[in-house]
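The values are calculated or read from the model by the stated rules, or taken from the named source; none is laboratory data. Because the structure is a prediction, the values reported are computed rather than measured. Cβ: placed from backbone, ideal geometry, glycine included. Neighbour counts: every protein chain shown.
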Amino acid sequence: MTDIDIRRAVEADIAPIVAMLTDDAIGSTRESPDDLSAYRSAFAAIDSDPSEFLAVAERDGEIVGTLQLSFLPGMSRGGALRAQIEGVRVAGTARGQGLGGTLIRWAVDEARRRGCVLVQLTSDKKRSDAHRFYDRLGFEATHEGYKLAL
């Protein structure tokens, strides 16, 4: 996928990112492209934080993928830095072409470059295709995740 440019998202990328977040069975129930004001606020917070990197994959001027990479310092693992991958999405027109793998490998390389000792992510239990995808990329389901809606 040499025709893909992975870069830091800019404000103009918000609408295509939200469109990708909305374009699946789970995202369609919790995301809304109708009012982007909350997404703009979130983008401003992410963009101003050096421990956050909202990435987009661009091909021929079109945003075709995204993920958020967070760098988390911690006391465990000897005070190690870890990376958290969130919000991985590929546009419907670009699925099945290896872009998801390209995005994840980019994130792992970026985490390694920044000195992380671990890359982690969560995936909704309903996303069995995503689980197989992460397994193929070498991730292991080592923990049980918990969330509390507020």
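Annotations for the structure displayed:
- Test: ASP49 is surrounded by 11 or more Cβ atoms within 10 Å (Cβ to Cβ), of a type outside the set (A, V, I, L, M, F, W, C) and assigned to a helix (DSSP H, G or I): no
- Cβ-Cβ contacts under 7 Å between residues 6 or more apart (or on different chains), taken from a first residue in region 22-39 that is without any contact (Cβ under 8 Å) to a residue 12 or more places away in the chain to a second residue that is acidic (Asp, Glu), are listed as THR22/GLU31.
- Single residue of LEU81, LEU72 found to be surrounded by fewer than 19 Cβ atoms within 10 Å (Cβ to Cβ), closer than 23 Å to LEU118 by Cα, in contact with a Lys or Arg (Cβ under 6 Å, 6 or more places away or on another chain) and not small (Gly, Ala, Ser): LEU72
- Every pair of residues 6+ apart whose Cβ atoms lie under 6 Å, when the first sits in region 82-105 and is farther than 19 Å from ILE26 by Cα while the second is exposed (fewer than 15 other Cβ atoms within 10 Å of the Cβ): ARG82/LEU72; ARG82/LEU118; GLN84/LEU72; ILE104/LEU137
- If you check GLU58, GLU110 for being at pLDDT 95 or above, outside any helix (DSSP H, G or I), of a type in the set (Asp, Glu) and out of contact with any helix residue (DSSP H, G or I) (no Cβ under 8 Å at 6 or more places or on another chain), only one passes: GLU58.
- Where PHE139 falls short, out of the listed (1) on the phi > 0 side of the Ramachandran plot; (2) surrounded by 13 or more Cβ atoms within 10 Å (Cβ to Cβ); (3) in a loop (DSSP other than H, G, I, E, B); (4) not polar (S, T, N, Q): (1)
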